[in-house]
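Asks: One structure follows; several queries about it will come next.
The values are calculated or read from the model by the stated rules, or taken from the named source; none is laboratory data. Note that the structure is predicted; figures quoted are calculated from it, not measured. So basically every Cβ, Gly included, is an ideal-geometry build from the backbone, and we count neighbours across all protein chains shown.
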């Protein structure tokens, strides 16, 4: 699929209410920074819902050398980075909702009913004070309940969620949590998915376009960014400074600052 084959993302209107679901802090930036900026320029309402604080960034071997408090402190640092990045996208603290579920824990939460114990914080509940529900147990039922309640309160007209074929388990699982939360819910909204982790994605250069293995759908849309929007997107990425010290992640984040952002619409 070529860039020219992509549909144009529908015009954002002043009465739109846009909900972006991010598995980790910074996913909202790399996936949807252009759309968020455009929405705020149009005076539309936007909220970002972070499922996790990205508090499990290290390999298993290193985790054994660090205590739980290190990971909790890192989670707080990531929350601070989200707040620092927000103004680049014309957002403020009121636009950010932190759920505080465990990084790398969404799949086991989806697969099991019992509360999940994080391998980094070694807790089965959220230790973060500034979250949607304090001390929330790490269960799939609670995450689904949070999504239902947030959606009922906000009443989004546009929802942007991770792609179900994304290679990261947290991204895949958040999509399916969203689907469960909305089952039987007559939500009157246009829903789109975004891709971050996938083999041979993003392309090495040029416009973003879906990987060949996912390009069979004719429901892929492109939102084109202005130069100013790209610059602010890069600024928001740089505000997530903890992620830029790891080359592979830094390269991925910056490689998604292109002339467009792509989304597949959910039928």
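Asks: Please state which of the following conditions residue 1 fails to meet, knowing it meets all the rest: (1) crowded, with 16+ Cβ neighbours inside 10 Å; (2) at pLDDT below 95; (3) over 17 Å from the mean Cα position of the chain (by Cα); (4) closer than 29 Å to residue 107 by Cα.
Replies: All conditions pass for residue 1, except number (4).
Asks: Also, quick follow-up: Report yes if residue 244 is farther than 15 Å from residue 163 by Cα, at pLDDT below 90 and out of contact with any strand residue (DSSP E or B) (no Cβ under 9 Å at 6 or more places or on another chain), otherwise no.
Replies: Yes: the conditions hold for residue 244.
Asks: Right, here's the next one. Check whether at least one residue in the stretch 69-85 is closer than 22 Å to residue 195 by Cβ and touching a strand residue (DSSP E or B) at 6+ places or on another chain (Cβ under 8 Å), and report yes or no.
Replies: Yes, the stretch 69-85 contains at least one residue that is closer than 22 Å to residue 195 by Cβ and touching a strand residue (DSSP E or B) at 6+ places or on another chain (Cβ under 8 Å).
A quick yes/no check of all residues on (1) under 22 Å from residue 154 (Cβ atoms); (2) not in a helix (DSSP H, G or I):
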site	(1), (2)
14	yes, yes
18	yes, yes
73	no, no
83	yes, no
87	yes, no
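Asks: If you take the residues in the stretch 156-173 that are touching a strand residue (DSSP E or B) at 6+ places or on another chain (Cβ under 6 Å) and touching a residue at least 40 places away in the same chain (Cβ under 8 Å), which one is surrounded by the fewest Cβ atoms within 10 Å (Cβ to Cβ)?
Replies: 157
Asks: Determine which single condition residue 98 fails, assuming it passes every other condition in (1) outside any helix (DSSP H, G or I); (2) surrounded by fewer than 20 Cβ atoms within 10 Å (Cβ to Cβ); (3) within 19 Å of the chain's Cα centre (by Cα).
Replies: It fails just one condition, (2).
Asks: Next up: Mind listing whichever residues of the stretch 194-222 are assigned to a strand (DSSP E or B), in contact (Cβ under 8 Å) with a residue 12 or more places away in the chain and within 20 Å of residue 254 (Cα to Cα)?
Replies: Correct list: 194, 198, 222.
Asks: Among the candidates 138, 125, which residue alone is surrounded by 16 or more Cβ atoms within 10 Å (Cβ to Cβ), free of Cβ contacts under 8 Å to residues at least 24 places away in the same chain and either touching a helix residue (DSSP H, G or I) at 6+ places or on another chain (Cβ under 7 Å) or under 17 Å from residue 98 (Cα atoms) (or both)?
Replies: 125
Asks: Return the residues of the stretch 206-215 that are at negative phi, more than 20 Å from the chain's Cα centre (by Cα) and at pLDDT 90 or above; say none if nothing qualifies.
Replies: Listed by number, the residues that qualify are 207, 212, 213.
Asks: Would you mind stating whether residue 184 is touching a helix residue (DSSP H, G or I) at 6+ places or on another chain (Cβ under 8 Å), outside any helix (DSSP H, G or I) and at positive phi?
Replies: Spelling it out, it is not the case that residue 184 is touching a helix residue (DSSP H, G or I) at 6+ places or on another chain (Cβ under 8 Å), outside any helix (DSSP H, G or I) and at positive phi.
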